[in-house]
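A quick write-up on the structure given underneath.
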Amino acid sequence: MTAVWTRILQAARRYPSPHNSQPIRVRIADPDRIELYYDLDRGLPAEPYGIPFGHVCAGIFVELVAIAAHAEGSDVIENLRYDDMAFDGSDRLHPLGTITLVPAGGPVPDLDAELIARRCTSRLPYDSRTVEPAALAQLDVEARRWGHRLATTTDRPVVDEIVRINQRTLFDDIANPAVRHELATWLRYSHEEAARRRDGLSAACLGVPGRVLHWFVEHHTWWSRPGLRDVARWLYLRSMRGVRQLAWITGPFATTADSVRAGRAFIRCWLLLTAHGVAMQPFGSVITNPRAHAALVAAVAENQTDPHDGQEMTWMLMRIGYSPPPPRSHRLSVDTLLVEAV
Ligand SMILES: Cc1cc2nc3c(=O)[nH]c(=O)nc-3n(C[C@H](O)[C@H](O)[C@H](O)COP(=O)(O)O)c2cc1C
């Protein structure tokens, strides 16, 4: 692998993925060209939006490669594939297409590639400040470049209601055996386990002591008893203190190509938030749970067309604000990302 690809992949491997499962794999096809794959064994089949969010992840990765390549003085030629993906497919590496580097003779104007390493999810309490309208306007311009819209609210009853919807969805998901078992495979209960495996959701990043997290997942029927459920809810909602603003993105989300494009818009908006020092946590579960999604759409009065017949869907929701620097999540090494002949 050339030194340039090593540097680009060092940056791109920090891409965010649901449960930090890091499903993207890379094959160095020749010195200028990489092939990308989605590792189905790292997908989330129990999640209703496992496939579309898988394609969102692919779009995020492709976009980060482009931003990192631009900083290296290269243009990229993308030859992406938008084939349907199925978690039970016999071929476990689903091809996503290729990216070729073309020297541009100097850095190509783009977002600052340093933002890629700084970006992270903050699940800490926020400090009640709302984000500068000018920064949000910049995000909306970026989203619109990709055919999407970014909207926000600081309406206290709406924010509080959606935060509660997110909490209820999380607890409902954990009560669902398939979703709980899948989530449990990605939870890392100690610093040692998180650092050794370099993937998944660490207790530290979730802001919950490892033992409490283990108890909560393993003895969820216990926690769902009246009284104890209230304690669990109270503990979880403590992490949402100071949340005064939510943002969501609406746009085409019906096809594979739509989801890949959505991922590209999403990561660019996230990097812009990082540039403005804004903390963010996606509330992806509210999107993937149909009941929660319907409640969200009603609460924010977004007009939706059926994503399968029509054009638009609110496909991402997040809390935004300001927090101290959160614990950092781990990443697999570049070597682990690489696959040999497929
Ligand atoms: C499509 C998508 C959906 C996500 N949904 C959630 C979510 O529902 N709740 C959450 O806490 N984090 C969510 N995340 C954040 C990931 O868990 C996070 O990016 C990953 O653990 C890596 O951590 P980092 O963002 O700090 O690098 C989501 C990320 C993506 C890309």
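In the range 3-118, inverting the average of 1/r over every pair of distinct C-alpha atoms gives 14.6 Å as the Kirkwood radius. Multiplying the residue separation of E114 and R196 by 0.36 nm and subtracting their alpha-carbon distance yields 27.0 nm.
Placing Y37, Y189 in order of accessible area, with the largest value first and a 1.4 Å probe, yields Y189, Y37.
Magnitude of the charge dipole for the chain, about its Cα centre and with charges confined to Cβ atoms of Lys, Arg (+1) and Asp, Glu (-1), is about 1340 debye. Surface composition of the range 150-196: carbon plus sulfur atoms hold 54% of the accessible area, using a 1.4 angstrom probe and ignoring ligands, DNA and RNA. From helices alone, the chain scores -13500 deg cm²/dmol at 222 nm; the rule is -39500 (n - 2.57) for each run of n ≥ 4 DSSP H residues, then divide by the residue total. Projected onto its three principal axes, the C-alpha set of the range 65-205 covers 52, 48, 34 Å, listed from the longest axis down.
If the segment from N79 to T100 were pulled out straight at 0.36 nm per residue, it would be longer than the present Cα-Cα gap by 6.7 nm.
For the chain, the fraction of C-alpha pairs more than 39 angstrom apart is 10%. Phi-derived couplings, Karplus 6.51 cos²θ - 1.76 cosθ + 1.60 at θ = phi - 60°, listed residue by residue for the range 268-280: 5, 5, 5, 5, 5, 4, 4, 4, 8, x, 8, 7, 8 Hz, with x used for Gly and Pro.
With a 1.4 Å probe rolled over the protein heavy atoms of all chains, the accessible area of E192, E340 falls in the order E340, E192, largest first.
Projection of the Cα convex hull of the range 221-299, averaged over all directions and equal to a quarter of that hull's surface, yields 7.4 nm². Phi angles of the range 31-42 translate, via the Karplus equation with coefficients 6.51, -1.76, 1.60 and θ = phi - 60°, into HN-Hα couplings of x, 9, 10, 10, 10, 10, 9, 9, 7, 4, 6, 10 Hz per residue; Gly and Pro are given as x. For the range 196-342, the convex hull spanned by the alpha carbon atoms encloses 188 Å³ per residue. Take V158: with every protein chain present and a 1.4 Å probe, its accessible area is about 30 Å². Amide H to amide H, with H built 1.01 Å from N, F253 comes under 5 Å of M313, counting only residues 5 or more places away or on other chains. In a reduced charge model with +1 at each Lys and Arg Cβ and -1 at each Asp and Glu Cβ, the range 1-72 shows a dipole moment near 160 debye about its Cα centre.
If R₀ is 30 angstrom, what is the calculated FRET efficiency for the pair D127 and D172, using the beta carbon separation as r and rounding to 0.05? The calculated FRET efficiency here is 0.55.
When only alpha carbons are used to place a centre, the range 43-112 and the range 215-293 end up 23 Å from one another. Distance between the pseudo-spin-label points of F87 and V231 (7 Å out from Cα toward the beta carbon): 3.2 nm.
Projecting the Cα atoms of V76, I60, L271 onto the charge dipole of the chain (Cβ charges, centred on the Cα centre) puts L271 farthest toward the positive pole.
Given their separation in residues at 0.36 nm each and the Cα-Cα distance between them, T185 and D160 gain 5.9 nm when the chain is fully extended. Simple spin-label estimate for A135 and A275 gives 1.3 nm between the two label positions (7 Å along the Cα-to-Cβ direction from each Cα). For the range 221-227, the Karplus equation 6.51 cos²θ - 1.76 cosθ + 1.60, evaluated at θ = phi - 60°, returns couplings of 5, 5, 5, 8, 5, x, x Hz by residue, with Gly and Pro reported as x.
The values are calculated or read from the model by the stated rules, or taken from the named source; none is laboratory data. These figures come from a predicted structure and were not determined experimentally. Because the Cβ atoms are built from the backbone with ideal geometry, glycine has one as well, and the counts that use them run over all protein chains shown. Keep in mind that these areas ignore ligands, DNA and RNA; they rest on the heavy atoms of the full protein, side chains included. Shrake-Rupley method; radii C 1.70, N 1.55, O 1.52, S 1.80 Å.
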